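FYI, it's all coordinate maths here, none of it is from the lab. Computed from a predicted model, the values in this text were never measured in an experiment. Cβ coordinates were reconstructed from backbone atoms using ideal geometry, including for glycine residues, and neighbour counts include every protein chain displayed.
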Amino acid sequence: MWRKVVNCSITNYSLNHIDIEVDDLQRGKWRLTGFYGYPEGSRRRDSWDFLRQLSNASQLPWCIIGDFNDILSSDEKQGRSQRPQWLINGFREAVSDSDLVDIHWKGYPFTWFKSLGTERAVEEKLDRAMANDIWCNMFQYATVECLTATASDHYPLLLECDPKPIQHRHLKQFKFENAWFAEPEFDTFVKQHWETYGNTTITRKLDDCASDLTSWTAIELVHFMKSKTRGRKGEVALKLDISKAYDRIDWEYLHDIMVGPIILGRGLRQGDPLSPYLFIICAEGLSSLIRQAELKGDIHGVQQVLGTGKYLGLPSMIGRSRKSTFSFIKDRIWKKINSWSSKCLSQAGREVLIKSVLQTIPSYIMSIFLIPSSVIDDIEKMLNSFWWGHNRAQSKGIRWMSWERLSVHKQDGGMGFKSLGAFNHAMLGKQAWNLITKPDTLVAKLFKAKYFPHSDFLESSIGHNPSYVWRSIWSSKFVVKGGHKWSIGTGHNISLWDQNWLFDGTSIKKPDNIDSQLNNLTVADLLHHNAKEWVSGLIRGLVNDDIADKILHTPLLESVQNDKITWQHEKNGLYTVKSVYRFCISTIPGRDQHRVEGNSHLIWQTQMPPKIKKFMWRICRNCLPTRARLHDRGVTCPINCVLCDAGDEDSNHLFFSCQNSINCWQQMGLWSSIMQHRNLTISVKENVFNIMLQLNEESRVVFACVMWSIWKQRNDVIWRNERVHRTVVCERANSLLTGWRNAREVRDMYNNQQHSPQRFEWTKPDAGTWKCNVDASFSRSRNKVGIGVCIRDNQGQFVLAKTEWYSPILDVDTGEALGLLSALKWVKDLHLNSVVFELDSKRVVDKFNNNMIDEYVFGDIIKNYERIDTAPAISFFKASTVIRG
């Protein structure tokens with residue numbers, strides 16, 4: 001039946017579409033289009049262009065449904081060869097340019113099929129329903145369901161704009177049982193309960209009585225069984241779900257297949273000995289029926305599907321075309337981007353979505369497989385397009401910077417996005433690291449037995465006919481080799497050559513003309529046999545003086561019993577993807593050319609609204625679409641300044657030379673500082689940094705907000721033809737700044753209530769306790785670290801002090817740890833009982849008190865305190881942190 005509240009009228013049609021205007025008296029007017037795309041491959045572009053044309057034909061809420069003869073991702077086709085990627089990308093662009101998104105899908109994932117039941121079977125999702133953002137907001141719960149049909153090679157689609165809510169199952173209807181009259185307790189039960197219902201209606205009393213009678217049957221049965229304690233005849237109650245009794249024996253079927261009586265030769269003493277025989281008879285009968293049906297052709301078997309599918313979201317088998325194997329990653333990211341395309345997202349919002357959502361989609365896959373560079377390039381292009389957000393229904397917009405430049409750190413002029421290739425190697429390096437540090441795991445034993453049975457991972461080769469998983473992990477070997485560092489235990493497992501074990505994380509390169517007897521030397525060969533000390537004479541006779549000094553300065557700690565590998569680019573020596581990613585970035589050839597010289601930290605560290613920071617970044621990276629920059633990019637437009645018409649509109653002129661801007665700077669009281677440091681012959685980036693360096697924190701924020709307000713004024717003139725006085729420009733900047741500061745004050749007030757202020761002064765220890773202060777200093781010229789230790793009593797009076805020097809310079813925390821170890825030994829020798837150690841390295845204190853995991857030299861030094869026999873000398877000791885004022 002046609003709904004009376006809906007009227008439809010055809011507004012336009014052709015061989016490929018029917019346009020309908022729907023007048024819904026409840027929701028208003030909207031547009032429905034039935035679409036048929038050209039099936040010929042040579043006319044696909046005509047279909048895409050026609051779809052774009054239809055999208056611009058009306059401003060009404062729009063829904064389009066039909067046979068597009070195209071797919072949006074590779075997983076929308078199953079069987080035979082995959083569809084060419086350029087066809088998928090072309091249809092995606094047409095859908096994106098039309099600002100359409102898929103309506104929620106229900107049912108079978110494919111809508112068209114061919115040659116089902118054969119080896120050439122193909123299924124594709126050629127039919128779909130899509131809508132623009134306005135229509136989706138009008139019908140928020142709309143669904144499209146793929147129905148089943150056999151009369152056509154296309155399954156029909158059912159579009160439900162307002163799907164009906166799910167009907168809940170009704171409770172079972174009450175039925176009165178005449179058998180209850182035979183029970184002597186029935187009358188008493190009804191009378192007793194009827195009196196408790198009160199002065200309600202007769203209908204309500206009947207409902208309550210029905211409920212009580214329903215429970216009475218179960219209660220009485222259980223009560224009867226509980227009361228009966230004797231008798232030759234027992235009772236049992238069964239609570240059964242008859243709907244689950246699908247595997248019961250059909251006795252008529254059993255009688256029909258039996259030819260004669262069953263004669264038992266032997267019975268088994270487990271339950272009913274007849275039951276297994278009955279099931280065997282039925283199983284034999286079923287087997288015979290299956291054979292007969294197969295001979296008649298009634299059973300066609302199970303279709304064989306090519307490929308191995310996916311397991312836990314990962315491809316089970318990697319074929320020759322790795323690009324097509326991993327194209328599903330691009331499909332996932334594109335679908336996510338397309339679902340956001342119609343939403344109003346600021347550039348700050350896009351940054352959050354890229355970093356927290358889109359970049360994390362391939363993380364799991366990248367931890368197992370090396371993604372082809374072509375797939376990574378396509379993903380980064382999609383992310384780049386999304387970042388430079390634009391109205392795709394009108395234009396594809398301008399990508400002002402490449403992804404390589406955007407993935408540079410913010411302090412170096414980028415936006416801090418991930419370089420996915422480097423991130424892929426960092427994730428795979430984690431697996432390689434586990435093979436080295438966890439050799440007893442099953443996967444480590446498997447890989448070692450197959451690919452490097454007589455060596456370790458660092459010396460392994462790719463091997464013969466390797467799996468793609470091993471090939472991927474092996475490709476990250478350069479990461480582990482470049483960033484690892486050995487902590488010396490016995491030294492037997494550390495090769496003297498080409499392994500990072502020196503104190504500065506470097507290795508000793510093996511000489512080309514080395515004697516064969518020295519080829520297999522280990523670090524253990526440089527140590528005394530009876531003590532963990534370097535053999536100085538042997539070392540200086542083996543290598544030159546510079547390398548010998550490095551060896552002799554490499555610390556040997558008693559707490560390190562066995563050789564162990566650490567990650568030298570992390571303070572605690574543990575492998576983290578974050579630090580490894582930074583290392584991988586540093587190894588990319590030509591990476592430094594994307595870094596920008598200057599003081600980018602002035603933008604990101606200044607306390608101002610986030611959108612102002614993004615705006616200032618665009619100015620300094622010359623990404624602001626002034627008329628001069630648009631002209632450089634080939635956009636046909638006037639080049640004169642829209643505010644003063646007195647010069648070409650580039651960033652330098654607009655902000656520092658235009659008379660309109662000068663008036664604003666004068667009113668805000670900043671013109672004198674700007675005039676002293678501006679130079680129109682240099683880049684706008686240099687001008688901005690030079691000016692901000694001369695301003696205090698307060699003035700920097702005002703400076704940036706006024707620049708943003710000037711840019712907004714310029715846009716209002718172009719797009720709205722509205723000119724405002726300089727007072728309005730300044731007031732707008734002040735209003736933005738005031739609102740942001742008020743919000744920060746509320747936040748800071750809450751934070752101050754949560755956190756009490758820290759004390760910076762030195763405090764006396766408790767009565768009967770000594771305080772030992774430890775600190776480290778560094779001398780670059782002398783290549784030494786100095787340790788200072790000072791002991792005071794509970795009155796704050798000086799007692800003892802000492803200093804020590806160590807070589808070479810390590811890091812700050814290692815120096816502090818050496819000082820703490822020295823102080824512990826000294827306190828033991830002084831026979832002090834209750835001692836508090838105080839130093840300004842939180843990392844050392846946390847490791848000391850909490851035994852945090854730390855595999856670097858620093859952690860090994862802290863472990864040495866366990867080897868000091870402190871129990872007889874010190875009854876109480878702890879470490880605490882002091883913050884310097």
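Our coupling estimate for the stretch 592-600, obtained by passing each phi through the Karplus curve with A = 6.51, B = -1.76, C = 1.60 and θ = phi - 60°, is 5, 5, 8, 7, 10, 6, x, 10, 4 Hz, Gly and Pro reported as x. If you take the alpha carbon atoms of the stretch 100-156 and fit the smallest convex hull around them, that volume is 77 Å³ per residue. Under the combined filter of DSSP loop state and at most 16 neighbouring Cβ atoms within 10 Å, the stretch 13-105 retains these GluC sites (Glu not before Pro): 40. Sorted ascending by nearby beta carbons within 10 Å, beginning with the fewest, 834, 96, 672 become 672, 834, 96. In a DSSP loop and with at most 12 other Cβ atoms within 10 Å, the trypsin sites (Lys or Arg not before Pro) in the stretch 593-693 are 633.
Each DSSP beta bridge with both residues in the stretch 1-104 is either parallel or antiparallel, and the antiparallel ones are about 75%. Other residues whose C-beta falls under 15 angstrom from the C-beta of residue 717 contribute a net charge of +3, scoring Lys and Arg +1 and Asp and Glu -1.
Checking every one of the GluC sites (Glu not before Pro) in the stretch 695-750 against DSSP loop status and a limit of 13 other Cβ atoms within 10 Å picks out 722.
Counting Lys and Arg as +1 and Asp and Glu as -1 over every other residue whose Cβ lies under 13 Å from the Cβ of residue 429, the net charge comes to +4. Beyond 32 Å between alpha-carbons counts as too far, so tell me which of 323/578; 481/802; 381/842; 335/611; 550/842 fall in that bin. Distance filter (> 32 Å) returns 481/802; 381/842.
Among 454, 193, the order by Cβ neighbours within 10 angstrom, fewest to most, reads 454, 193. Cross-link partners of residue 4 among aspartates and glutamates, defined as those whose alpha carbon lies under 14 angstrom from its own and excluding same-chain residues fewer than eight positions apart: 23, 24.
In summary, the aspartates and glutamates within cross-link reach of residue 191, defined as a Cα separation below 19 angstrom excluding same-chain residues under 8 places away, comprise 177, 183, 207, 208, 212, 220.
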